[in-house]
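Student: I have a structure here, written as structure tokens, and I will follow up with some questions on it.
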Amino acid sequence: RTPLTLILSPLEKIMANRTYKDKDYNELGVIRRNGLRLLDLVNQLLDLSKLDSGKLKLELMEADIIKILRLSFSSFISLADKKRIQFNFQLPDDELLTCFDRGKLETIMNNLLSNAFKYTPEGGEIKCIVHIKEAGKEPEKDVIEISVRDTGPGIDKNKLDLIFDRFYQADEQHHIEGGGTGIGLSLTKELVHLIHGEIKVSSQPGKGTCFIVIIPLGKDHLKESEYVIVKPELRPEPKLVEDILSDEISADSIETESVPDKKTIQVLIVEDNRDLSAYLKEQLQRNYLIEEASDGEEGLKKAIKNIPDLIITDIMMPKMDGVELCKRVKTNERTSHIPVIMLTAKADIESRIKGLETGADDYIIKPFNIHELRIRVINLIKQRQILRKRFAGSLNVTPGDIAFNSYDVQFINRIFGVVEEHLADLDFSVKDLQGKAGMSHTQLYRKLFALTGLSPSKFIRTFRLKRAAKLMTQENEKVTKIAYSVGFNNLSYFTKCFKEQYGISPSAYCRKFSE
């Protein structure tokens, strides 16, 4: 999937800058279509590999199975119009909420329909019918029956038993555009068996072929070891393979985003593939300072030393993988605040859950759209900016208001406690805070700035001013006494700083709350 990312993502960018009038646009389209076919083949081979090793589990979620089937069928309408094939489908009108694996159901239907459209000639007909069959007596189960019937050339009776064999190709496949690989129907049958279903085929040479898939509903027929329950938000909305890289996000729309200042935003790219690392750097360096690492160990060292604003990491790497890197980053007080985006070829739900459980903030499956990655980077950085503004704008801010995890809460609690302990100490400095925090000047600066938007010196001053403002609302004390109690020994400097922070003088602030 990494080489496909390096083929399809730059290709899409090239095509976005061309028009249909360009002489080489059609050639680029050929590259893209065949790149997507290769991606589809890779996905199916990965699924077959997991099936062979017994590691492919069902990812069950509760949804309306009729709606999902209708969406799957509808996605072929434009292809039917293009090939001038009459395409009809019939489904029950009522919704049917049940537990099922949406991704595998869509793969089954896409393979059967793609096969039907591949063999049905212009002017032919494809018809899909969905029936719900309620169970009679136990041990029967409610099932959904889906038939896909076409008017293609049909299959000889002596070959019907072979079409589900892996890598088997019928003679007819050599006479159609694109040929075939003999993987689609084999994978379809194995996925149907994985969900304890049944697939049947009947055919008449010269008249067409009919596939019938029967799938039991719910999960009572499954063992707990055969599935995981998926929350809808953990499963990305699936896309047709033809559309996976065609998101209508232009470079112009990216430019309208308020991209942070390049001088202050640092992104660490941890990727063992040199070409992909170079490509990511090229795409992001216009807006950010880029640091690179070739494996997880190097990435962790650079993260601790430099405290970047964001980390983009591959998962499968030598020495230390991305999951372990993320875990180490998120459990280290120096780096726990840093948002992490994981890039991975592993699309299964267990890998996504594992990545998110380590604290990853986002999870992008290869091949990915570079514009989508750039927007996700912007959004994560903006989230941090919102929390910084919350600290600066509110008088009563708790550590939980500006931290994303328990390690950051502990850090802010400790820093708050240190400054509180030395609130009236006129000589308390940033160097003293560094010593208490156990960090270098750079580490403390970048950590505090990431969480509060303030340098250590401004953080100490802001903390003191917030405490002064709070005392003014609670106690009837003179401004001079309050200034000294929070570590200011110069009243005019205190007044200047207070006015910069709150827009009015300390005396006016006191009058406001005494009226």
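The values are calculated or read from the model by the stated rules, or taken from the named source; none is laboratory data. From a predicted model like this one, the values you see are computed outputs, not experimental measurements. We place every Cβ from the backbone using ideal geometry, glycine too, and count neighbours over all the protein chains shown. Accessible surface areas use protein heavy atoms only, side chains included; no ligands, DNA or RNA. Shrake-Rupley method; radii C 1.70, N 1.55, O 1.52, S 1.80 Å.
Student: Counting just the residues of segment 1-25 that are surrounded by 12 or more Cβ atoms within 10 Å (Cβ to Cβ) and charged (D, E, K, R), which one comes out nearest to the chain's Cα centre (by Cα)?
Tutor: 1
Student: Further question: I'm told residue 90 meets every condition in (1) open to solvent by less than 60 Å² (accessible area, probe 1.4 Å); (2) touching a residue at least 40 places away in the same chain (Cβ under 8 Å); (3) not basic (Lys, Arg) except one. Can you identify the failing condition by its number?
Tutor: Only one criterion is unmet by residue 90, namely (1).
Student: Continuing with the same structure: Out of the residues in segment 26-44 meeting the condition of being out of contact with any helix residue (DSSP H, G or I) (no Cβ under 9 Å at 6 or more places or on another chain) and hydrophobic (A, V, I, L, M, F, W, C), tell me which one is surrounded by the most Cβ atoms within 10 Å (Cβ to Cβ).
Tutor: Checked segment 26-44; the qualifying residue surrounded by the most Cβ atoms within 10 Å (Cβ to Cβ) is 41.
Student: For the condition under 30 Å from residue 7 (Cα atoms), modelled with pLDDT under 75 and part of a helix (DSSP H, G or I), what is the one hit in 355, 400?
Tutor: Working: 400 fails: under 30 Å from residue 7 (Cα atoms).
So the residue among 355, 400 that is under 30 Å from residue 7 (Cα atoms), modelled with pLDDT under 75 and part of a helix (DSSP H, G or I) is 355.
Student: Still on this structure, please answer the following. Do we find that residue 426 is of a type in the set (A, V, I, L, M), open to solvent by 60 Å² or more (accessible area, probe 1.4 Å) and assigned to a loop (DSSP other than H, G, I, E, B) in this structure?
Tutor: yes
Student: Every residue in segment 301-334 that is free of Cβ contacts under 8 Å to residues at least 40 places away in the same chain, open to solvent by less than 10 Å² (accessible area, probe 1.4 Å) and under 21 Å from the mean Cα position of the chain (by Cα), please.
Tutor: 326, 329
Student: Just to be sure I understand the filter: pairs with C-beta atoms under 8 Å, separated by 6 or more residues or on different chains, first member in segment 66-85 and without any contact (Cβ under 8 Å) to a residue 24 or more places away in the chain, second member not in a helix (DSSP H, G or I). Which pairs pass?
Tutor: 70/89; 70/91; 77/87
Student: Within segment 141-162, take every residue that is outside any strand (DSSP E or B) and among the polar types (S, T, N, Q) and give me the one that is surrounded by the most Cβ atoms within 10 Å (Cβ to Cβ).
Tutor: Taking the candidates together, the pick is 151.
Student: Which residue pairs have Cβ atoms closer than 6 Å, lie 6 or more positions apart in sequence or on different chains, and pair a first residue in segment 41-53 that is more than 19 Å from residue 227 (Cα to Cα) with a second residue that is in a helix (DSSP H, G or I)?
Tutor: Correct list of pairs: 44/187.
Student: Residue 55 passes all but one of (1) in contact with a helix residue (DSSP H, G or I) (Cβ under 9 Å, 6 or more places away or on another chain); (2) surrounded by 12 or more Cβ atoms within 10 Å (Cβ to Cβ); (3) modelled with pLDDT under 85; (4) charged (D, E, K, R); which number fails?
Tutor: (2)
Student: Okay, next question. Are any of the residues in segment 442-453 touching a Cys at 6+ places or on another chain (Cβ under 9 Å) and modelled with pLDDT of 85 or more?
Tutor: No: segment 442-453 contains no residue that is touching a Cys at 6+ places or on another chain (Cβ under 9 Å) and modelled with pLDDT of 85 or more.
Student: Where residues in segment 464-515 are β-branched (Val, Ile, Thr) and not in a helix (DSSP H, G or I), which of them is least open to solvent (accessible area, probe 1.4 Å)?
Tutor: Per the criteria, the residue is 486.
Student: Return the residues of segment 430-444 that are more than 15 Å from residue 416 (Cα to Cα) and touching a residue at least 24 places away in the same chain (Cβ under 8 Å); say none if nothing qualifies.
Tutor: 439, 442, 443
Student: Among the residues that make up segment 255-271, is at least one of them modelled with pLDDT of 90 or more, open to solvent by less than 60 Å² (accessible area, probe 1.4 Å), over 20 Å from residue 383 (Cα atoms) and not in a strand (DSSP E or B)?
Tutor: Yes, segment 255-271 contains at least one residue that is modelled with pLDDT of 90 or more, open to solvent by less than 60 Å² (accessible area, probe 1.4 Å), over 20 Å from residue 383 (Cα atoms) and not in a strand (DSSP E or B).
Student: So, residue 280, is that one open to solvent by less than 40 Å² (accessible area, probe 1.4 Å), within 21 Å of residue 443 (Cβ to Cβ) and in contact (Cβ under 8 Å) with a residue 24 or more places away in the chain or not?
Tutor: Against the criterion (open to solvent by less than 40 Å² (accessible area, probe 1.4 Å), within 21 Å of residue 443 (Cβ to Cβ) and in contact (Cβ under 8 Å) with a residue 24 or more places away in the chain), residue 280 does not qualify.
Student: Same structure, new question: How many of the residues making up segment 296-349 are more than 24 Å from residue 452 (Cβ to Cβ), among the aliphatic types (A, V, I, L, M) and touching a Cys at 6+ places or on another chain (Cβ under 8 Å)?
Tutor: Summing the residues that are more than 24 Å from residue 452 (Cβ to Cβ), among the aliphatic types (A, V, I, L, M) and touching a Cys at 6+ places or on another chain (Cβ under 8 Å) in segment 296-349 gives 1.
Student: Could you check residue 99 against (1) farther than 22 Å from residue 76 by Cβ; (2) touching a Lys or Arg at 6+ places or on another chain (Cβ under 8 Å); (3) loosely packed, with under 14 Cβ neighbours inside 10 Å; (4) at pLDDT 90 or above and say which number it fails?
Tutor: Of everything listed in (1) farther than 22 Å from residue 76 by Cβ; (2) touching a Lys or Arg at 6+ places or on another chain (Cβ under 8 Å); (3) loosely packed, with under 14 Cβ neighbours inside 10 Å; (4) at pLDDT 90 or above, residue 99 misses just condition (3).
Student: Check residue 78 against each of (1) of a type in the set (Ser, Thr, Tyr); (2) open to solvent by 60 Å² or more (accessible area, probe 1.4 Å); (3) at pLDDT 90 or above and name the one condition it does not meet.
Tutor: (3)
Student: Let me ask another. Scan segment 405-422 for residues that are among the hydrophobic types (A, V, I, L, M, F, W, C) and closer than 17 Å to residue 307 by Cβ and jot them down.
Tutor: Here is the first cut: in segment 405-422, the ones among the hydrophobic types (A, V, I, L, M, F, W, C) are 409, 411-412, 415-416, 418-419.
Correct list: 411, 412, 415.
Student: Could you list, in sequence order, the residues of segment 186-201 that are hydrophobic (A, V, I, L, M, F, W, C) and in contact (Cβ under 8 Å) with a residue 60 or more places away in the chain?
Tutor: Matches in segment 186-201: 187, 191, 192, 194, 195.
Student: If you don't mind, there's one more thing I want to ask. Could you say whether any residue in segment 457-470 is at pLDDT 85 or above, of a type in the set (S, T, N, Q) and within 48 Å of the chain's Cα centre (by Cα)?
Tutor: Yes: one or more hits.
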